[in-house]
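To start, the structure itself, in structure tokens.
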Amino acid sequence: MSIGPELPTLEQLKSIAKDCGVELSNELATDYLDMMVTTFKSYRRIDQLVERKLPVKYPRTPGYRPAADENPLNAWYWRCDIPGASDGILAGERIAVKDTVCVAGVPMMNGSKLLEGYVPDVDATIVTRMLDAGATIVGKASCEDFSFSAGGMTCSYGPVGNPWKPDHNPGASSNGSAVLISQGQVDLAIGGDQGGSIRLPAAMSGCYGLKPTFGLVPYTGCAMIEATLDHVGPMASTTRGIAKLLTAIAGFDADDPRQQGRVAPGFDTNYMPALGRGVDGLKIGVLKEGFGQDGSEYGLITSEPEVDECVRAAVEKLRTLGATVEDVSIPEHLDAYPLWTAIAIEGASAFMLNGHGLGTNWQGWYNTAMGEHLARGMRSRPHDLPPTVLSVLLSGEYMRKFYFNRYYAKAQNMRHIVTDAYNAMLRKYDIIVCPTTPHRATLMADRDDLPSTLVGNALDQLRNTVVADLTGHPAISIPCGVRDGLPIGMMLTSRHFDEHTLIAASAAFESLGDWKTM
């Protein structure tokens, strides 16, 4: 049996050339084929070499898929029991991990049938860090199909119900993580965030969720969507839980190029002291553009007065603790959504779908086993792609073929406009506040609805959350009240790498009493 890729046949090579717009005669095709012989010697040598894997330090068993009576809201994808070190900051903590994060020996689907049967042979960097800190990994939390939805209905093994009203969206894509916390099944969980997928389910299901500064927490060993938007971070039932988990997982990782020039070895990642710092003397800007939104232009939901009023009342409580509170305006906030849309659609189409979750042209650790499994799934069962993902693929491919990704490139060139505007405001204020989502959880769509209905239900709530993914600023969603039986989240954004201030403000607000009665 030969090692390495086989040379193409003459007809395969001519077909590839035709796809590139070039017609090759048999004579020319044969000449090109002869040249490829020496090139393929390099590929075959690569197959003889052993690639480096991420370490697996702690023993485990594969676990099991829980039955319905153990999983009433479908928030668990898989249950397991992986104990870590005997002591550490996370000792005694039972943690759920979003099913986009590799845990060796435990099945992983990223919510998609296309990855069915894939079992990682590596632990993501953050998994090793949590286990080193004394945590016990107790399972994989459900997530949306390919994590490309902010609703709750696209997970291929069934929709995830809202813990407050099961027929409503729980927020997404890290919905399983939020629901498990809100149900009290775990106190801590890992979520992922490319457009708000930590903060959205935190707001709609009623827990705390922090999207860290871009690059602060290593993404190594997690399923990627778009390398310039990928974030992973902590979710918890308390601010203390957020601080503990962030302390354990943040910091330098040589395998993650997102950190280059941003996070260095020895970077201070102890967030526990921030818990008692309070907000006395902090300047808080209440963002005009985050309230009273008319989302009709982009097919987004219009702000609910109940949400706006609840968040403004919550900010006033911070004033009573010594913070200065003033209204501010950042008009560029509203331009973030169209810029993010181009980057997310064209980037995800190229990187996640056509690139099989691997992409190219970045110097980091590649999960080749997951990429191969996903590539086989794309070939064998493309009809299992949900409308949310297929719409991204169709739009992204159209923009690539007919507009040469010009709009992706222009959006990347222009994202600094929003970043610069936020940086300028954050030189005057310590925190910028607005609702996490402009509305509470909505009724869940029927999985058999038309694609336009499903996509709208999945992506109509992102206007405030996508901003921090675009700019890279840290942002936290804090539960701040309940209206008509559904929770509301307040989002705080601070300077790059100033998670300490977010944790201080969150802990101060939490000290005021039970948010469910506010």
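The values are calculated or read from the model by the stated rules, or taken from the named source; none is laboratory data. Predicted model only: the values in this text are computed from it and were never measured. Methodologically, a virtual Cβ is constructed for each residue, glycine included, from the backbone with ideal geometry; neighbour enumeration extends over all protein chains shown.
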Quick test of your reading of the structure: T388 fulfils all but one of (1) surrounded by 16 or more Cβ atoms within 10 Å (Cβ to Cβ); (2) among the polar types (S, T, N, Q); (3) under 15 Å from K53 (Cα atoms). Name the failing condition by number.
(3)
Residue check for I82: in contact with a Ser or Thr (Cβ under 7 Å, 6 or more places away or on another chain) and either at pLDDT below 95 or part of a loop (DSSP other than H, G, I, E, B) (or both)
no
So D448 passes all but one of these: (1) under 20 Å from the mean Cα position of the chain (by Cα); (2) free of Cβ contacts under 8 Å to residues at least 24 places away in the same chain. Which condition number does it fail?
(1)
D69: passes all of (1) in contact with a Leu (Cβ under 6 Å, 6 or more places away or on another chain); (2) farther than 30 Å from S349 by Cβ; (3) not basic (K, R) but (1)
If the Cβ limit is 8 Å and pairs must be 6+ apart or interchain, which residue in the stretch 469-497 that is surrounded by fewer than 24 Cβ atoms within 10 Å (Cβ to Cβ) pairs with which residue that is part of a strand (DSSP E or B) and not hydrophobic (A, V, I, L, M, F, W, C)?
G481/P487; L486/H168
Meets criteria (more than 16 Å from A475 (Cα to Cα), under 13 Å from the mean Cα position of the chain (by Cα) and among the hydroxyl-bearing types (S, T, Y)) for S197
no
Restricting to the stretch 289-333, and then to whatever is of a type in the set (G, A, S) and surrounded by fewer than 19 Cβ atoms within 10 Å (Cβ to Cβ), can you tell me which residue is nearest to T419 (Cα to Cα)?
S329
Does T501 count as surrounded by 24 or more Cβ atoms within 10 Å (Cβ to Cβ), of a type in the set (S, T, N, Q) and modelled with pLDDT of 95 or more?
no
Only listed residue being closer than 23 Å to L374 by Cα and among the aliphatic types (A, V, I, L, M), chosen from I95, I126:
I126
Residue check, Y77 of a type outside the set (D, E), assigned to a strand (DSSP E or B) and either modelled with pLDDT of 95 or more or at positive phi (or both)
yes
Kindly indicate the residue of the stretch 18-71 that is assigned to a helix (DSSP H, G or I) and touching a helix residue (DSSP H, G or I) at 6+ places or on another chain (Cβ under 7 Å) and also farthest from D123 (Cα to Cα) among those meeting that condition.
N26
Filter result for the condition that a residue is under 21 Å from the mean Cα position of the chain (by Cα), at pLDDT 95 or above, within 30 Å of E346 (Cα to Cα) and not charged (D, E, K, R), over A250, A243, A227, A236
A250
Does D99 satisfy being touching a Phe, Trp or Tyr at 6+ places or on another chain (Cβ under 7 Å), of a type in the set (D, E) and in contact (Cβ under 8 Å) with a residue 60 or more places away in the chain?
yes
